[in-house]
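Notes to accompany the following structure.
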Amino acid sequence: MPLPVLKDGEVVSSRYRVAGDKPIGAGQFAEVFRALDQTGDPRSPTFVAIKIEREEKTTAREVRALQDLQGCPGVCRLLGQGSHRNQHPFIVMQLGGDNLANIRHTRLPERRHSKSTIAWIGVRVLDTLRAIHARGYVHRDVKPSNITVAPRGSAGGSAGRELLLIDLGLAKKFETKEARREREEGEVNDERASAFRGSTTYASVNAHAGLEQGPRDDLWSLLYALAEMHEGTLPWRGLKERGANDDDAVKRATRELKQKAVAAPESLCPTRGTPSALVEFSRLLQRIANAHDTPDYDSLRVALQTLDDRPLDWETGELPGADDDAKPPSATASDAHPNAPPLPMSKVKALIEHKASVPPLVQKWVEKIGEELDAGHAAAVVSGVCAAAVETANLDDPYVEEYVLRILDDAAQAGKDGRAYVEDRRNKRKR
């Protein structure tokens, strides 16, 4: 495994100091690092993302796309570009937060989102894709790991209330003059051969067939991503474990299962039941005949707009499912507990009820503290850890300061979550 392209403390473009010895993201060609903009006010540090390649692969394409798409909602701001050490092309852009794939796998014990959160995500990504398509681009790689949640203190509102659709390395202009003329004359030829681009899991049936991709294909990818967030998986996940011998066999089997899901969208979420909003979303996509046709974004948005004002899953850790109207056929009304108040699925609750979701090392120390200390002394240890973090850390370093603040926020949230858990049990006893 090659060493990271950049090292902690390394300065790029005489301005951006890399923060951390490991990339915060990595793909087939590029690595993404968090960096501090040293020209900013040290009292209010500004962190950015630096995407850097070992050699030119997709940087030039992504820069062009970002330049053309600046101002679109959900597209990160382009802050700079260049070549590091005259050999590594890089892009400097707005820093996103954790991606939706990581959030689902690390913060949600059951690895699935509530229906209201899925609707919220769907509406915002749909709006972003609509803006991108309006400027003649198709993303071609829409998936949860390419959708990030705004970090604390970022522009655009409170933390977690902004999404960014990242990684435009595969983005391509689809509305060429020739394509526009063909569409207006009604002679669109969707049988043009095209090399497969995208992720096998989320690509549309059209992409699997080698057809030119258009707006509809981004929307099929969005549908599959939303279905996975609801179900926790997709029908075509794990095909190698089920006997597919190689990548080509996986692609063929995936395409066949997707074709079945197109014909019967209710089958997308076989365990939990496919929400009616996603079934309608799929049926609306089936009406789009050609790659360059303009989707009915308004109807697609209406299909998803079931969101209320409750907090999002990653804001409270609420156990998904309390608000779902789609259940497997065997579910009964009593299973849903429609009148029960939502219980935060916090780290506190996870340690109590879902220990398998907690790292073994953390479990070990929690058990050790529980055996050797009473509750009062354990609380004092928490306070001591917070005090040590403040006293020993180099708070003059904006990156370290931000990290310490995050630890303190986590500790404060743990206290609130623990109190909420106790109060919920008390309320249940009263009922």
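The values are calculated or read from the model by the stated rules, or taken from the named source; none is laboratory data. Bear in mind that the values here come from a model prediction, so they are computed numbers and not experimental data. Here the Cβ positions follow ideal geometry from the backbone for every residue, glycine too, while neighbour counts run over all protein chains shown.
Looking at the structure I just gave you, is Glu178 at pLDDT below 65 and under 22 Å from Thr254 (Cβ atoms)? Working first, answer last.
On the way: at pLDDT below 65: yes; under 22 Å from Thr254 (Cβ atoms): no.
For Glu178, the condition - at pLDDT below 65 and under 22 Å from Thr254 (Cβ atoms) - is not met.
Cβ-Cβ under 8 Å, sequence separation 6+ or interchain: first residue in the stretch 272-294 and under 13 Å from Pro215 (Cα atoms), partner aromatic (Phe, Trp, Tyr). Which pairs?
Qualifying pairs under 8 Å: Leu285/Trp220; Ala291/Phe174; His292/Phe174.
For the stretch 223-257, what are the residues that are aromatic (Phe, Trp, Tyr) and either out of contact with any Lys or Arg (no Cβ under 7 Å at 6 or more places or on another chain) or surrounded by fewer than 18 Cβ atoms within 10 Å (Cβ to Cβ) (or both)?
Filtering the stretch 223-257 down to residues aromatic (Phe, Trp, Tyr) leaves 224, 236.
Listed by number, the list holds a single entry, Tyr224.
So, in the stretch 261-293, exactly how many residues are part of a loop (DSSP other than H, G, I, E, B), closer than 19 Å to Ala131 by Cα and modelled with pLDDT of 95 or more?
The qualifying residues number 1.
Could you please give the count of residues in the stretch 285-304 that are under 23 Å from Ala207 (Cα atoms), crowded, with 19+ Cβ neighbours inside 10 Å and aliphatic (A, V, I, L, M)?
First, the residues of the stretch 285-304 that are under 23 Å from Ala207 (Cα atoms): 285-297, 300.
When the remaining residues are screened for being crowded, with 19+ Cβ neighbours inside 10 Å, the result is 285, 288, 291-292, 295, 300.
From the residues that got through so far, the ones that are aliphatic (A, V, I, L, M) too are 285, 288, 291, 300.
Going through the stretch 285-304 one residue at a time, the tally reaches 4.
Condition (residue is modelled with pLDDT of 75 or more, assigned to a helix (DSSP H, G or I) and more than 31 Å from the chain's Cα centre (by Cα)) applied to the stretch 396-415: is it met by at least one residue?
The answer is no; no qualifying residue exists.
Scan (1) in contact with a strand residue (DSSP E or B) (Cβ under 7 Å, 6 or more places away or on another chain); (2) outside any loop (DSSP other than H, G, I, E, B); (3) charged (D, E, K, R) for the single condition Arg104 breaks and write down its number.
Every listed condition holds for Arg104 apart from (1).
Could you please let me know if Val149 is surrounded by 20 or more Cβ atoms within 10 Å (Cβ to Cβ), within 15 Å of the chain's Cα centre (by Cα), within 18 Å of Ala225 (Cβ to Cβ) and at pLDDT below 95?
yes
What is the residue count in the stretch 44-91 for residues that are farther than 11 Å from Val12 by Cβ and touching a His at 6+ places or on another chain (Cβ under 7 Å)?
Here the count works out to 2.
Starting from residues that are touching a Ser or Thr at 6+ places or on another chain (Cβ under 6 Å) and more than 20 Å from Glu110 (Cα to Cα), keep the ones in the stretch 258-270 and report whichever is surrounded by the fewest Cβ atoms within 10 Å (Cβ to Cβ). Write out each step before concluding.
Initial filter on the stretch 258-270 (touching a Ser or Thr at 6+ places or on another chain (Cβ under 6 Å)): 261, 265-266, 268.
Still in the list and also more than 20 Å from Glu110 (Cα to Cα): 261, 265-266.
Numbers: Ala261: 23, Pro265: 20, Glu266: 14.
Looking at residues that are touching a Ser or Thr at 6+ places or on another chain (Cβ under 6 Å) and more than 20 Å from Glu110 (Cα to Cα), I get Glu266.
For Val250, state whether it is of a type in the set (Val, Ile, Thr), in the same structural domain as Arg140 (by TED's automatic domain parsing) and under 19 Å from Leu300 (Cβ atoms). Let's see the steps before the verdict.
Details: of a type in the set (Val, Ile, Thr): yes; in the same structural domain as Arg140 (by TED's automatic domain parsing): yes; under 19 Å from Leu300 (Cβ atoms): no.
So Val250 does not fit the description; no.
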